[in-house]
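Shown next, in structure tokens, is the structure this report addresses.
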Amino acid sequence: MYFAIGASLSWDEVAAGIDGYRYFGLTKAADLIERATSTDDHGLDALEQEYAVVVSTDDALPDAFEVRYTDYPEDFANVRVR
């Protein structure tokens with residue numbers, strides 16, 4: 001989280017990411033990132049550990065996408081492959 005919040009992303013980009021996590025049902029992860037925006041480096045370490053528990057595998061984000069797509073296919077545009 002430090003890289004995203006402290007080093008490279010603008011506040012608008014972080015806020016969009018938080019909204020995206022919530023949209024895909026990852027509310028706990030969104031809450032942790034939001035809390036991280038107002039903590040010091042020491043507190044950030046603890047939040048990163050919590051994040052690793054909430055988003056415990058590399059599949060967590062794609063899995064959340066699949067669930068959202070299955071439940072709300074109308075939210076996604078059709079893509080025509082040539």
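Any read-out appearing in this document is the output of simple, stated calculations on the displayed coordinates, not a laboratory observation. Here the structure is a predicted model, which is why all the values come from computation and not from measurement. Because the Cβ atoms are built from the backbone with ideal geometry, glycine has one as well, and the counts that use them run over all protein chains shown.
Residues are listed down the side, and each one gets a yes or a no for (1) surrounded by 14 or more Cβ atoms within 10 Å (Cβ to Cβ); (2) outside any loop (DSSP other than H, G, I, E, B); (3) in contact with a Gly (Cβ under 6 Å, 6 or more places away or on another chain):
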residue: GLY17; (1), (2), (3): yes, yes, no
residue: ILE33; (1), (2), (3): yes, yes, no
residue: THR39; (1), (2), (3): yes, no, no
residue: GLY43; (1), (2), (3): no, yes, no
residue: PRO62; (1), (2), (3): no, yes, no
residue: VAL67; (1), (2), (3): no, yes, no
residue: ASN78; (1), (2), (3): no, no, no
residue: VAL81; (1), (2), (3): no, no, no
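Please specify each residue of the range 45-58 satisfying the condition of being surrounded by 14 or more Cβ atoms within 10 Å (Cβ to Cβ) and farther than 21 Å from TRP11 by Cβ. Within the range 45-58, GLU50, VAL54, VAL55 meet the criteria.
Give the residue, chosen from GLY25, GLY43, GLY17, that is at positive phi and of a type in the set (Gly, Ala, Ser). Show your work before the answer.
Values: GLY43 fails: at positive phi; GLY17 fails: at positive phi.
Matching residue, one of GLY25, GLY43, GLY17: GLY25.
Within the range 59-73, is even one residue touching a Leu at 6+ places or on another chain (Cβ under 7 Å), within 23 Å of LEU9 (Cβ to Cβ) and hydrophobic (A, V, I, L, M, F, W, C)? For the range 59-73, residues touching a Leu at 6+ places or on another chain (Cβ under 7 Å), within 23 Å of LEU9 (Cβ to Cβ) and hydrophobic (A, V, I, L, M, F, W, C): present.
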